[in-house]
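Below is one structure; the comments refer to it alone.
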Amino acid sequence: MFTYDIIASFNELETSLYNYICQHSEKVAYMRIRELADETHVSTATILRFCRKLNCEGFSEFKVMLKMHIGENKKTILKSSEHSVTEFFERTLNGNIEDNMKKAASLVTKADSVIFIGIGSSGILAEYGARYFSSLGAFSMYIKDPSFPIHSKFRHNSVAIVLSVSGESHFTITHLNQLKQDGSKIISITNNKHSTIAKISDINIPYYVTEEWLENANITTQIPVMYILESMAREIYKLNKIKK
C-alpha cells in the first residue's frame with residue numbers, strides 16, 4: 001500500500017498519520033474522518049491530502065483500499081513443511097532428477113573451478129553449497145554480490161552452479177551470460193524448467209514446488225535445493241574416488 005516514493009513524499013503531519021494507521025489499521029478501516037482527525041490531532045484537510053497521495057479521491061476510498069490490504073494479509077495461509085517436502089518428492093523424484101544430478105556431478109568433476117551463484121535466500125544456499133562441496137573435496141566459491149568481479153582465470157574451464165527459485169533474476173542472468181561467453185558450463189537449480197536461466201543452462205535440475213509469497217517476500221521452501229546440493233556433492237565425492 002505504502003511505497004517508498006509515497007512515504008518519502010509525506011510531510012511531518014502526514015508521517016504521524018501514516019504511523020498511526022500502520023499501528024491501528026483495523027481500527028482506522030471503520031473510523032469516520034473526524035474520528036481519525038481527533039485521534040491523530042491533524043485536520044481533515046491533512047487526511048484528505050494524505051489520501052490523494054495514495055491515489056484515493058477521498059477518505060471513503062482510502063478505507064476500502066485499507067480493508068482490501070488487511071484482507072489480503074489475513075488470507076495468507078502457510079503450508080506445513082511436511083506438505084512442501086511431500087510435494088517435492090511426489091512431483092520430482094518420480095522423474096529423471098537422479099539422472100540429471102549424476103550428469104551435473106560428472107560435469108563438475110571435469111572442471112577446474114566451481115562457482116555458485118545466487119541472491120537472496122538463493123545466495124545463502126549458494127554459500128552453503130560452496131561450503132558443502134568443498135567439504136567433500138570439490139573446492140568451490142560462491143557469489144551473491146551483483147557487482148562481484150569474476151577473474152578470467154576462474155572462468156576458464158569452470159562450472160557455474162546457479163540457484164534461483166524463479167529462474168528470472170536479472171543479476172544472475174547477467175553473470176551467466178558473461179560465463180557462457182567464456183565457455184563455462186552452467187548447471188541451474190530452479191523451480192521449473194521453463195525459466196530463462198533453465199533454458200540457457202547446459203543442465204537444469206527443476207524441483208517443482210508451489211511458490212509461496214508473504215507480502216513481498218518469496219518464502220518458497222528451499223528444502224528441495226538442499227537435497228539436490230547434498231546429493232550432487234556426495235555423487236561428486238564418489239566419482240572422484242573412482243578416478244583415483
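Points worth noting:
- Condition broken by N55, with the remaining ones in (1) assigned to a helix (DSSP H, G or I); (2) exposed (fewer than 12 other Cβ atoms within 10 Å of the Cβ); (3) at pLDDT 90 or above; (4) not small (G, A, S) satisfied: (1)
- Residues considered: G183, G137, G167, G129. Of these, the only one that is touching a residue at least 60 places away in the same chain (Cβ under 8 Å) and on the phi > 0 side of the Ramachandran plot is G137.
- Test: residue in the range 142-153 that is open to solvent by 50 Å² or more (accessible area, probe 1.4 Å), in a helix (DSSP H, G or I) and among the aromatic types (F, W, Y): no
- Hits in the range 202-244 (condition: in contact with a Phe, Trp or Tyr (Cβ under 9 Å, 6 or more places away or on another chain) and of a type in the set (A, V, I, L, M)): V209, I219, I223, V225, M226, I228, L229, M232, A233, I236
- Qualifying residue in the range 80-96 (condition: over 16 Å from the mean Cα position of the chain (by Cα) and modelled with pLDDT of 90 or more): no
- Where G120 falls short, out of the listed (1) open to solvent by 70 Å² or more (accessible area, probe 1.4 Å); (2) modelled with pLDDT under 90: (1)
- Checked against (1) among the small types (G, A, S); (2) open to solvent by 50 Å² or more (accessible area, probe 1.4 Å); (3) not in a loop (DSSP other than H, G, I, E, B), G137 meets all criteria but (3).
- Within the range 154-173, the residues that satisfy the criterion of being more than 19 Å from L229 (Cβ to Cβ), open to solvent by 50 Å² or more (accessible area, probe 1.4 Å) and at pLDDT 85 or above are E168, H170.
- Tally, over the range 104-117, of residues that are crowded, with 17+ Cβ neighbours inside 10 Å, at pLDDT 90 or above and not β-branched (V, I, T): 5
- Selection count where residues are open to solvent by 30 Å² or more (accessible area, probe 1.4 Å) and of a type in the set (S, T, N, Q), scope the range 181-203: 3
- Scanning the range 187-196 for residues that are within 26 Å of T86 (Cβ to Cβ) and at pLDDT below 95 yields T190, N191, N192, K193, H194, S195.
The values are calculated or read from the model by the stated rules, or taken from the named source; none is laboratory data. Just so we're clear, the structure is a prediction, and the values are computed from it rather than from any experiment. Positions of Cβ are backbone-derived with ideal geometry, glycine not excepted, and every protein chain shown enters the neighbour counts. Accessible surface areas use protein heavy atoms only, side chains included; no ligands, DNA or RNA. Shrake-Rupley method; radii C 1.70, N 1.55, O 1.52, S 1.80 Å.
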